[in-house]
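**Student:** Provided herewith is a single structure, encoded as structure tokens, for subsequent inquiry.
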Amino acid sequence: MAAITGVLARPTSYAGIWGWMTTVDHKRIAVLYGVTAVIFLLIGGVEAGFLRMQLASADNDFMGPARFNQLFTMHATTMIFMVIMPLSVSFFNFVVPLAIGARDVAFPRLNALSYWIFLFGALIMHMSFLVGQVPDAGWFSYANLTEKPFSIDRGLDYWAIGLLVMGAASVAGALNFVVTIINMRAPGMSMMRMPVFVWMTLITSILLVLAFPVITVGLIELTMDRNFGTHFFIPAEGGDPILWQHLFWVFGHPEVYILILPAMGIVSEIFPVFSGKPLFGYPFIVFSGIVIGIMGWAVWSHHMFTVGLGPVANSVFTITTMLIAVPTGVKIFNWIGTLWRGAIEFTTAMMFALGFIALFIIGGLSGISHAISPSDFQQQDTYYIVAHIHYVLFGGSIFGAFAGLYYWYPKLTGKMLDETLGKLNFWLMFIGMNLTFFPMHFLGLNGMPRRIYTYTAEFGWENLNRLASLGYIVLFFAFLVFIYNLWQTRNSRRVSHDPWDALGLEWSIASPPPAYNFAEIPQVEGLDQYWIMKERARAAGTPLTEPEALVDPSSIHMPSPSYWPIFTAVGVALIGGGLLSHYAISFLGGAIAMIGVIGWGNEPAAAPSEHH
Amino acid sequence: MLMWVFLGSDCLFFGALIATYMVYRGQSLVGPYPIDIISVPVTTISTFVLLMSSFAMVQALAATNADNKRGIVGWLLATAFLGAIFIGFQVFEFNSFKNEGLTLGGNLFGASFFTLTGFHGAHVTLGIIWLLAMAIMAAKGRVGPKTALDVELLGLYWHFVDIVWIVIFTLLYLIGGFDAGPLVPPGG
């Protein structure tokens, strides 16, 4: 086994592409996740553009129904699994260790493994475009539409395998964050002194760990139905397509909280800073987050009101769904309480956070209207649902993520995103978002079903659809402004380590943070530790203006880069790829993954210090 | 810690598989039905073997804490050996079931039975590989009280896989093993 370890000598360089491929530094992994997510945001956005182009006028023949099905399936799958989730994980990676006063996550190499498996899973799914057999059954891929007789090409196999591979990455990543948050907090940081974002990361990670196995089983059963002749979801053979719906939504409903809780954590960090007040009702925000995490498991059947589960099931799930709105409302009132009589600074980050509240309330209210099972019968499968999901996921998760990007960018790079461009970015996005999705409420109530590729002019849906397509163009410009804003920071001057006069520990160190984060692990005395430190210094007449001094990095023992995570990830990806092509490739992948694990186990986490 | 959370995750995995089996219990439209093929006595023996392997695992951990190198290697190998016997029984069982006409594609009982027990078998196999790797390391003298946590984690995993089998054995064999034919008419 020593020989295996010897084949891949420990990487010693931090520079260049190899440095990125072998990195185990949580900050660099955060950048990898973030850049990947923005690229997929562009891909998913362009897919949406084609959809809006097709729907802009009645009886349009820009594309046929088959292509339309593929594009809306891939748009939704990409946005949920390859944009919002990795964006959240990017924030987890960058912020959590800094905010809890740690030098890295608990298992740095596992962290790198998660990223590479995620990337390969996403690539597997997108290879379906190259072979021209694209998944086309919607993002929840209801059985038995997904079974062989109805979906003959291999598109859905790419979908299922891609999601299985990405699911493994998500679970590994989430395990890592649970352990990091429980075990790696700086001394003195009790659970109730953790920043809200860290709390939301913990809850999200626990949800991920528990929810993904369920979809994994569903996907395995689907794959077996399609490839190994089983009949789990084929009614003609006694199978039950409703089982797929249950498995999917038992995962799927916790999943929507997985998508929104990180954004709630981000805005909870931003409001106090730009209101000049501590967060109002910290324990209420934390506990309502926990309640959402628990109750999120008891509402899945509200996606299935029209399935015919019976009046009792529908009533129960109506009630639980109405109840889960309560903790969400508690949070919103706490944020408003934080703003109340604060000295509000309208920075771009703050504007995105305020936009989050406004749009999320609209999405939440339309959510309550279909929590009521009788009114859901009217709204099911119409554009009303499409409007709802975009208000909570775009207006909620994406606005929250943009708020976080503008807020933490100076910490990540030491440079500030331009505020004027940022405000232009915000207004274009805010106007474009409402222009695109608000008309969909009316379209839905007027009876326009979702997922139709065209409609005739007599329905009277054309004007509102045109408005929505116009809104898409505005959104696209917002995205271009954002990309330009990122690009132009290469020339901008450096800012101080604490440009926002913020509260959390991450602002007490230099920007960008040194590889070891904290030269000295801080002693935590309360919530908002950096604010406590600044207040004390101010009272003593020596205000804190400098970050923690840099030290010689070789004096701090850090985990070293490693080839094994990416090596093992290649093996895992080949196992999945083999199921799509030739089983021999799966065995090869299994062997590679096995060698990877053995090499990994034989490699100490940190190289002996003479290698530094 | 990581292992505990992972096992929590795995619980949901097996939970969903078992739920699939329970939902489809008695829903098969064609035979063979459980009573035709399930042999409780045979599987009782293999279940006993698996339980004994847990005992060996406990001994391996005790030997690790006592820094008894021969004990560690011996008990780890014993655990792996008993696990392998269990897998042998499963291969034999799968084979004879197949010969009696139970296949993945035949009916829902076959699909859910093979999927559930197959994934359990895969977990056991992974555990055996892990046990053997640990035994090799122990033979090289790299396992002792300082690395007792590694053995403990392996033990946690092994016991978990064992407990899952107890649940499977109870539900699929002791309770479901005597089902004969559809419990409810199709569609009702």
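Every number in this text was worked out from the coordinates using simple rules, so none of it is lab data. Here the structure is a predicted model, which means the values were calculated and not measured. Methodologically, a virtual Cβ is constructed for each residue, glycine included, from the backbone with ideal geometry; neighbour enumeration extends over all protein chains shown.
**Student:** Write down the Kirkwood hydrodynamic radius of the stretch A:212-353, to one decimal in angstroms, obtained as one divided by the mean of 1/r over all alpha carbon pairs. Intermediate values should be presented prior to the final figure.
**Tutor:** Details: mean 1/r = 0.0564 Å⁻¹.
The Cα-based Kirkwood calculation yields 17.7 Å.
**Student:** Of B:69, B:146, B:98, which has the largest mean-square fluctuation in a 10 Å C-alpha GNM of chain B?
**Tutor:** Looking only at B:69, B:146, B:98, the biggest GNM fluctuation is shown by B:146.
**Student:** Another question, then. For the protein assembly as shown, I need the span (max minus min coordinate) of the C-alpha atoms along each principal axis, in Å, sorted largest to smallest.
**Tutor:** Largest first, the protein assembly as shown extends 77, 76, 45 Å along its Cα principal axes.
**Student:** Name the residues whose placed amide hydrogens come within less than 5 Å of the amide hydrogen of residue A:382, ignoring near sequence neighbours (fewer than 5 apart) on the same chain.
**Tutor:** A:450
**Student:** Going from the alpha-carbon gyration tensor of the stretch A:337-462, what semi-axes, largest first and in whole Å, does one get by taking the root of 5 times each eigenvalue? Don't skip to the end; give the middle numbers.
**Tutor:** Numbers: eigenvalues 230, 58, 26 Å².
Sorted largest first and rounded, they come to 34, 17, 11 Å.
**Student:** Could you tell me how many degrees, from 0 to 90 and to the nearest 10, lie between the Cα long axis of helix B:69-99 and the main elongation axis, the longest principal axis, of the Cα atoms of chain B?
**Tutor:** Helix B:69-99 and the main axis of chain B meet at about 10 degrees.
**Student:** Next up: Amide H neighbours of residue B:67 under 5 Å, counting only residues 5+ apart in sequence or on other chains, H built in-plane at 1.01 Å?
**Tutor:** Distant-sequence amide H within range of residue B:67: zero hits.
**Student:** Report the label-to-label distance for residue A:487 and residue A:515 in nanometres (one decimal), using points 7 Å from each Cα along the Cα→Cβ vector.
**Tutor:** 3.2
**Student:** By what distance, in whole Å, do the Cα atoms of the stretch B:1-58 stretch along each of the three principal axes, largest value first?
**Tutor:** 45, 27, 9
**Student:** Sticking with this one: Relative contact order for chain A using alpha-carbon pairs under 8 Å, separation at least 6, rounded to a whole percent? Write down the numbers at each step before the final one.
**Tutor:** Working: 995 pairs, mean separation 116.1, N = 612.
The normalised contact order for chain A reaches 19 percent.
**Student:** Follow-up. Choose one of A:304, A:541, A:247: the residue whose Cα lies farthest towards the positive end of the charge dipole of the stretch A:25-559 (beta-carbon charges +1 Lys, Arg; -1 Asp, Glu; about the Cα centre).
**Tutor:** A:541
**Student:** Please work out the ratio of the alpha-carbon Rg of the stretch A:109-242 to 2.2 N^0.38 Å and round it to two decimals. It would help to have the intermediate numbers written out before the result.
**Tutor:** Numbers: Rg = 18.6 Å, N = 134, 2.2 N^0.38 = 14.1 Å.
With N residues counted in the stretch A:109-242, Rg over 2.2 N^0.38 Å equals 1.31.
**Student:** Once the Cα atoms of the stretch A:513-612 are picked out, what are the Rg and Dmax in Å?
**Tutor:** When restricted to the Cα atoms of the stretch A:513-612, Rg and Dmax are 22.9, 71 Å.
**Student:** Over the stretch A:431-556, what lengths in whole Å, largest first, do the semi-axes of the equivalent ellipsoid take, defined as the square roots of 5 times the eigenvalues of the alpha-carbon gyration tensor?
**Tutor:** Numbers: eigenvalues 549, 67, 40 Å².
For the stretch A:431-556, the semi-axes come out at 52, 18, 14 Å.
**Student:** What is the Cα centroid distance between the stretch A:235-261 and the stretch B:66-114, reported in whole angstrom?
**Tutor:** 31
**Student:** Moving on. May I ask you to evaluate 6.51 cos²θ - 1.76 cosθ + 1.60, the Karplus curve with θ = phi - 60°, for each residue of the stretch A:106-113 and list the ³J(HN,Hα) values in order in whole Hz, giving x for glycine and proline?
**Tutor:** So the Karplus estimates, Gly and Pro as x, are 5, 10, x, 6, 4, 4, 5, 4 Hz.
**Student:** With respect to the cross-link table entries A:277/A:415; B:69/B:140; A:277/A:423; A:423/A:534; A:331/A:423; A:331/A:411, which display a Cα-Cα separation exceeding 18 Å? Don't skip to the end; give the middle numbers.
**Tutor:** Values: A:277/A:415 25 Å; B:69/B:140 9 Å; A:277/A:423 23 Å; A:423/A:534 29 Å; A:331/A:423 26 Å; A:331/A:411 27 Å.
Table pairs above 18 Å Cα-Cα are A:277/A:415; A:277/A:423; A:423/A:534; A:331/A:423; A:331/A:411.
**Student:** Can you work out the FRET efficiency for the pair residue B:68 and residue A:20, with r the C-beta to C-beta distance and R0 = 45 Å, to the nearest 0.05? Working shown, then result.
**Tutor:** Values: r = 46 Å, r/R0 = 1.02.
Using R0 = 45 Å, I get an efficiency of 0.45.
**Student:** Can you compute log10 of I(q)/I(0) for the stretch B:40-178 with the Debye formula, treating each Cα as one identical point scatterer, at q = 0.14, 0.16 Å⁻¹?
**Tutor:** Debye output, listed in q order: -0.65, -0.78.
**Student:** Once you charge only the Cβ atoms, +1 for Lys and Arg and -1 for Asp and Glu, what is the size of the charge dipole of the stretch B:40-178 about its Cα centre, to the nearest 20 debye? Intermediate values should be presented prior to the final figure.
**Tutor:** Values: 6 positive and 6 negative charges, 84 e Å.
Here the stretch B:40-178 has a charge dipole of around 400 debye.
**Student:** What aspartates and glutamates does residue B:146 reach when the alpha-carbon gap must be under 20 Å and sequence neighbours fewer than 8 apart in one chain are set aside?
**Tutor:** Those aspartates and glutamates meeting the cut-off are A:603, B:67.
**Student:** Sticking with this structure for a sec: Only four residue types carry charge here, +1 at the Cβ of Lys and Arg and -1 at the Cβ of Asp and Glu. Report the dipole size of the stretch A:211-279 about the Cα centre in Debye, rounded to the nearest 20. Walk me through the numbers before you get to the answer.
**Tutor:** Values: 2 positive and 6 negative charges, 67 e Å.
The calculation lands at about 320 debye.
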